[in-house]
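J.: Please see the structure below; I have some questions.
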């Protein structure tokens with residue numbers, strides 16, 4: 001058990017450094033080809049958020065453990081809101097100046113409702129996976145169009161410091177980051193799979209509790225740094241977009257590749273928790289356009305409460 005825990009921790013460290021290297025590499029390439037620092041910041045945040053989750057999901061599917069990939073996607077979506085977003089808000093209040101970025105929240109709410117409705121029979125078919133993927137493409141295209149139209153409002157990001165390295169070093173960072181993320185995903189997957197067999201816990205539930213938070217923590221440095229620099233909406237966009245992509249893109253992709261029967265708790269507890277967090281953020285942001293430190297603490301406490309209840313239900 002302790003060896004498995006050590007393997008998971010090692011994988012998590014590799015994911016953190018790998019995600020940061022990938023984000024820096026993408027930012028470095030964009031600064032060579034675009035004067036828009038807001039575009040660079042958004043792209044780096046998206047890469048930092050999605051790379052760990054995507055690597056874990058791909059590794060799990062390749063070894064025939066689709067249930068681990070599905071659990072990681074749902075757990076990652078929950079952790080993005082209750083852990084990563086909370087940590088970023090605790091670092092500095094998150095204020096939104098670009099309305100299109102705030103639109104990620106209702107889009108996420110709709111995505112979770114769709115996933116819940118498709119799972120009414122406690123199983124997901126390949127058709128369900130295809131529907132979720134199409135929904136993600138439609139939502140992503142609409143959001144991208146809205147953000148591009150409002151790009152003039154994003155000049156508040158123009159003072160973001162540009163990486164001080166050229167194309168060759170950026171490509172090297174991408175290569176190193178890809179290797180570290182791949183190795184990290186493999187390590188946490190191996191450790192989680194072995195731990196599930198040791199403690200006799202449903203692999204999907206354990207991956208939800210372990211792989212999800214690990215993937216969220218891997219992107220935390222990027223979100224926290226953005227918040228500390230006064231670019232709170234970058235951190236907010238990172239968390240909300242990652243949760244949206246985990247729910248529709250990754251979970252849907254896993255189901256499309258391998259139809260799944262899910263534990264009843266996913267439909268009764270985990271998806272409602274994700275929906276509750278997504279809905280709770282909406283009035284927080286609508287009241288004053290800002291996610292405060294106090295509200296970040298509320299999200300973190302809610303996530304810790306979710307973990308406590310999940311563990312109690314799993315081992316009671």
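The values are calculated or read from the model by the stated rules, or taken from the named source; none is laboratory data. Nothing here was measured: the structure is a model prediction, and the numbers come from that model. Backbone-built Cβ (ideal geometry, glycine too); neighbour counts: all protein chains shown.
J.: When you go through 174, 201, 195 one by one, which is the residue that is in a helix (DSSP H, G or I), more than 20 Å from the chain's Cα centre (by Cα) and surrounded by fewer than 24 Cβ atoms within 10 Å (Cβ to Cβ)?
T.: Exactly one of 174, 201, 195 is in a helix (DSSP H, G or I), more than 20 Å from the chain's Cα centre (by Cα) and surrounded by fewer than 24 Cβ atoms within 10 Å (Cβ to Cβ), namely 195.
J.: Considering each residue of region 297-315, count those that are within 13 Å of residue 80 (Cα to Cα) and modelled with pLDDT under 90, and give that number.
T.: 0
J.: Let me ask something else. Which of the numbered conditions does residue 284 fail, given that it passes all the others? Conditions: (1) under 23 Å from residue 105 (Cβ atoms); (2) in contact (Cβ under 8 Å) with a residue 40 or more places away in the chain; (3) touching a helix residue (DSSP H, G or I) at 6+ places or on another chain (Cβ under 7 Å).
T.: Unmet for residue 284, out of (1) under 23 Å from residue 105 (Cβ atoms); (2) in contact (Cβ under 8 Å) with a residue 40 or more places away in the chain; (3) touching a helix residue (DSSP H, G or I) at 6+ places or on another chain (Cβ under 7 Å): (2).
J.: Is it the case, given these coordinates, that residue 271 is at negative phi, part of a helix (DSSP H, G or I) and modelled with pLDDT of 90 or more?
T.: Spelling it out, residue 271 is indeed at negative phi, part of a helix (DSSP H, G or I) and modelled with pLDDT of 90 or more.
J.: Between 225, 211, 277, 244, which is in contact with a helix residue (DSSP H, G or I) (Cβ under 9 Å, 6 or more places away or on another chain), without any contact (Cβ under 8 Å) to a residue 60 or more places away in the chain, closer than 25 Å to residue 47 by Cα and part of a helix (DSSP H, G or I)?
T.: 225
J.: Further question on the same structure: How about region 255-266: which of its residues are in a helix (DSSP H, G or I) and either in contact with a strand residue (DSSP E or B) (Cβ under 7 Å, 6 or more places away or on another chain) or surrounded by fewer than 19 Cβ atoms within 10 Å (Cβ to Cβ) (or both)?
T.: Those that are in a helix (DSSP H, G or I) and either in contact with a strand residue (DSSP E or B) (Cβ under 7 Å, 6 or more places away or on another chain) or surrounded by fewer than 19 Cβ atoms within 10 Å (Cβ to Cβ) (or both): 255, 256, 257, 264, 265.
J.: Would you check which residues across region 286-316 are crowded, with 20+ Cβ neighbours inside 10 Å, assigned to a helix (DSSP H, G or I) and within 19 Å of the chain's Cα centre (by Cα) and list them?
T.: Listed by number, the residues that qualify are 296, 299, 303, 306.
J.: In the set 25, 64, which member is surrounded by 24 or more Cβ atoms within 10 Å (Cβ to Cβ), modelled with pLDDT under 85 and either more than 17 Å from the chain's Cα centre (by Cα) or outside any helix (DSSP H, G or I) (or both)?
T.: Testing whether each residue is surrounded by 24 or more Cβ atoms within 10 Å (Cβ to Cβ), modelled with pLDDT under 85 and either more than 17 Å from the chain's Cα centre (by Cα) or outside any helix (DSSP H, G or I) (or both) leaves just 25.
J.: OK, next. I need the full set of residues from region 76-115 which are closer than 17 Å to residue 219 by Cβ and outside any helix (DSSP H, G or I), in order please.
T.: Matches in region 76-115: 92, 94.
J.: Right, something else. For residue 211, indicate whether it is modelled with pLDDT of 90 or more and either under 17 Å from residue 53 (Cβ atoms) or surrounded by fewer than 16 Cβ atoms within 10 Å (Cβ to Cβ) (or both).
T.: Criteria not met by residue 211.
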